[in-house]
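In what follows, a single structure is set out as structure tokens and then discussed.
The values are calculated or read from the model by the stated rules, or taken from the named source; none is laboratory data. All of these numbers come straight from a predicted model, not from anything done at the bench. Here the Cβ positions follow ideal geometry from the backbone for every residue, glycine too, while neighbour counts run over all protein chains shown. The accessibility values were calculated without ligands, DNA or RNA, using every heavy atom of the protein model including side chains. Shrake-Rupley method; radii C 1.70, N 1.55, O 1.52, S 1.80 Å.
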Amino acid sequence: MKTKNLLIVGCLALMLASCATPQTITYFPDTENGEVLTVNDAKAITLKPGDKLSIIVHTKSIELNNTLNMPVTSQVIGYQETQSLYQSQGTSGYTIDDAGYIDFPFIGKVKAEGLSRTELAAHLKQTLSEQKVATDAVVTVEYMNLGYSVLGEVRNPGYYKFTTDKCDILQALSRAGDMLITGKRQNVKVIRTIGDKQETYLVDLQDHKAMVSSPAYYLQQNDVVYVEPNSFRKRQATSNANQLTSASFWLSAISVLTTVSVLIFK
């Protein structure tokens, strides 16, 4: 009878262990249907020294366009004229210097640091008009080297460029192929460089309210998103460390205990 009871208890324990659903692998387990949360102020990306920009100006004057758009001219073999290659076809663009300025044709030094790309475009358009360079200019500013890195327990770690002015941490993880099952969802790290300092934020993807209110919910240029491995993944670095958590281990243990019990209580 004792052996039978021991077998029943062992089987029940094994069934319960195998049927349990780990809550640490789900996103937003605390979210309720119809819940409304206030998202942290979504500020557009502001430009910093070192950022590289593509600035394209369109006017009615082809000659003025060639000058403002910094065309690269190349001599065509056998011809006396040159071909103009616009920024859309590839140029070095404008790099914001350490003081926060770009050097723009006809205008000179223009403060770009601290502005969004739409604000810089509007400022260039207004300045071109005020200085009588072009009153009909259409200015477009695009990012050339602004992006973020996603590292750790994700499917496709790497560097990703910004395609919009706002990118939240969920979009970043999605572009990286989502977190692996071995990723720790409770404290995803966002490392942000501000001047000569680095700030680290911990974002809990299982706490929806805390996540959307975090200052790291929306990413900035050069942010590093790091997904830490969970305890199971960490133990894989040690030989045979995960044997205690495997189903085969517990089956073997129950088998041994059953055999020993039969011999003792026979």
- Query: Given the structure, is residue 156 of a type in the set (S, T, N, Q) and either surrounded by 14 or more Cβ atoms within 10 Å (Cβ to Cβ) or under 19 Å from residue 49 (Cα atoms) (or both)?
  - Reply: no
- Item | Condition broken by residue 188, with the remaining ones in (1) under 30 Å from residue 165 (Cβ atoms); (2) at pLDDT below 70 satisfied | (2)
- Query: Going by the structure shown, is residue 91 surrounded by fewer than 14 Cβ atoms within 10 Å (Cβ to Cβ), out of contact with any Phe, Trp or Tyr (no Cβ under 6 Å at 6 or more places or on another chain), modelled with pLDDT under 95 and not small (Gly, Ala, Ser)?
  - Reply: no
- Task: Scan the range 88-139 for residues that are within 20 Å of residue 220 (Cα to Cα) and polar (S, T, N, Q) and jot them down.
- Result: 95, 116, 118
- When the range 170-224 is examined, which residues are found to be part of a strand (DSSP E or B), surrounded by fewer than 15 Cβ atoms within 10 Å (Cβ to Cβ) and of a type in the set (A, V, I, L, M)? 194, 202
- Pick from the range 33-73 the residues that are open to solvent by less than 70 Å² (accessible area, probe 1.4 Å), part of a helix (DSSP H, G or I) and hydrophobic (A, V, I, L, M, F, W, C): which of them is modelled with the lowest pLDDT? 68
